[in-house]
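**Student:** I'd like to ask some things about the structure below.
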Amino acid sequence: MTALTATYVGRFAPSPTGPLHAGSLVAALASWLDARAHGGQWQVRIEDVDTPRCIPGATEHILLQLAACELHSDGPILYQSARGAHYQAALDSLVAQGLAYPCACSRKEIESAQSQQPARHTAAVYPGTCLPAPYGPGLQGKPARAWRLNIRAVQQLKSLPTLTEWGDEALGPQQQNVAQEVGDFVLRRADGLWAYQLAVVVDDALQGVTHVVRGADLSDNTARQILLQLALGLPTPHYRHTPLVFAADGEKLSKQNGAQALDVSQPLSALNAAAAHLGLPAQSGTPRQALSAWTMLWHRI
Ligand SMILES: [Zn+2]
């Protein structure tokens, strides 16, 4: 284990909505190799805030799959389900700064306010119905359901441009107009659960994560997370998004479309397949030997 003074802290943060599949091992391996190649730490975080979607036993299954591949967390595994107090403190700080506001809209109301359904986002762009003064009319007596980030207030208070720009170590320069493309996103859901974006940003900061290496399907969240970091006065880590693994039908592998659980009965084969996807040559020997060979090669790809 690396000293606690490591200047590099990376993480792998699976959701226990099913076991790891071939695509998730690519992300796990890339984050592990990037951490090791930088002499850094690699931490595992279980993103189980969306409890209705979590599957009993999935966490244990994921940890066994990682262990079979010799990918072990430096330090204790963090469970987001146990960290509500931290998320509440972050929301309180945003509310105190006037950067978060309660929303009374149902999903149906938000969707019906759209002229067209956005293709890339699962949720419709929030039209700003419940924005408080001076941005909008506020709740107008309706009961609050969820909490949202007031993007315009964040950009005004922190003197930020409308366009959020950042550099991705794999994808190059990136930008997103979050207010226009996503809208004021949810921090605490109507069902009382913490939203993914808030939990990730709070935990990345509290764990001291300096480098986020994850699948390209999550790249779309980066601008929202950067805005939240700036709103909360937290540092922005480096970002690298790894190429996705596609099934034969061209669909990306995901638990949602029934990707097969990763078979780790032969861990070296599983690791070799993931490594090939990252442009690394196949290795023989033990998984540990393969991992150290790829660590040496990592900076060259
Ligand atoms: Zn609303």
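The values are calculated or read from the model by the stated rules, or taken from the named source; none is laboratory data. Please read all numbers here as calculations on a predicted model, not as lab measurements. Virtual Cβ from ideal backbone geometry, glycine too; neighbours counted across all protein chains shown.
**Student:** From Tyr79, Tyr135, grab the single residue that is in the same structural domain as Gln225 (by TED's automatic domain parsing) and surrounded by 14 or more Cβ atoms within 10 Å (Cβ to Cβ).
**Tutor:** Tyr79
**Student:** With the condition kept exactly as written, say whether any residue in segment 23-38 is of a type in the set (S, T, N, Q), under 26 Å from Val186 (Cβ atoms) and surrounded by 22 or more Cβ atoms within 10 Å (Cβ to Cβ).
**Tutor:** yes
**Student:** Do the conditions hold for Leu71, that is, is it within 16 Å of the ligand (Cβ to nearest atom), assigned to a loop (DSSP other than H, G, I, E, B) and touching a residue at least 24 places away in the same chain (Cβ under 8 Å)?
**Tutor:** Spelling it out, it is not the case that Leu71 is within 16 Å of the ligand (Cβ to nearest atom), assigned to a loop (DSSP other than H, G, I, E, B) and touching a residue at least 24 places away in the same chain (Cβ under 8 Å).
**Student:** Okay, next question. Please tell me if Gly167 is at pLDDT 95 or above, away from the ligand (no atom under 12 Å from the Cβ), more than 30 Å from Leu291 (Cβ to Cβ) and not β-branched (Val, Ile, Thr).
**Tutor:** no
**Student:** Which residue is modelled with the lowest pLDDT, if the candidates are limited to segment 74-122 and must be closer than 22 Å to Gln180 by Cβ and among the β-branched types (Val, Ile, Thr)?
**Tutor:** The extreme case among them is Thr122.
**Student:** Would you be able to say whether some residue in segment 188-199 is within 16 Å of the ligand (Cβ to nearest atom) and crowded, with 21+ Cβ neighbours inside 10 Å?
**Tutor:** yes
**Student:** Among the residues of segment 163-205 satisfying the criterion of being over 19 Å from Gln97 (Cβ atoms) and of a type in the set (S, T, N, Q), which is farthest from the chain's Cα centre (by Cα)?
**Tutor:** That would be Gln180.
**Student:** Got a sec? Which of Leu297, Leu262, Leu227, Leu206 is touching a Ser or Thr at 6+ places or on another chain (Cβ under 8 Å) and farther than 25 Å from Ala179 by Cα?
**Tutor:** Of Leu297, Leu262, Leu227, Leu206, the one residue that is touching a Ser or Thr at 6+ places or on another chain (Cβ under 8 Å) and farther than 25 Å from Ala179 by Cα is Leu262.
**Student:** If you go through segment 241-257 one residue at a time, do you hit one that is touching a strand residue (DSSP E or B) at 6+ places or on another chain (Cβ under 7 Å), of a type outside the set (A, V, I, L, M) and modelled with pLDDT of 95 or more?
**Tutor:** Looking for residues that are touching a strand residue (DSSP E or B) at 6+ places or on another chain (Cβ under 7 Å), of a type outside the set (A, V, I, L, M) and modelled with pLDDT of 95 or more, one finds at least one in segment 241-257, hence yes.
**Student:** Which pairs turn up if I take residues in segment 137-154 that are in contact (Cβ under 8 Å) with a residue 24 or more places away in the chain and in a loop (DSSP other than H, G, I, E, B) and look for partners that are acidic (Asp, Glu) and within 13 Å of the ligand (Cβ to nearest atom) with beta carbon separation below 9 Å, at least 6 apart in sequence or on another chain?
**Tutor:** Close Cβ pairs (under 9 Å, with a partner that is acidic (Asp, Glu) and within 13 Å of the ligand (Cβ to nearest atom)) amount to Asn150/Asp184.
**Student:** So which residues in segment 41-51 are surrounded by 20 or more Cβ atoms within 10 Å (Cβ to Cβ) and of a type outside the set (D, E, K, R)?
**Tutor:** The answer is Gln41, Trp42, Gln43, Val44, Ile46, Val49.
**Student:** Residues in segment 78-109 that are more than 16 Å from the ligand (Cβ to nearest atom) and not hydrophobic (A, V, I, L, M, F, W, C): how many?
**Tutor:** So the answer is 12.
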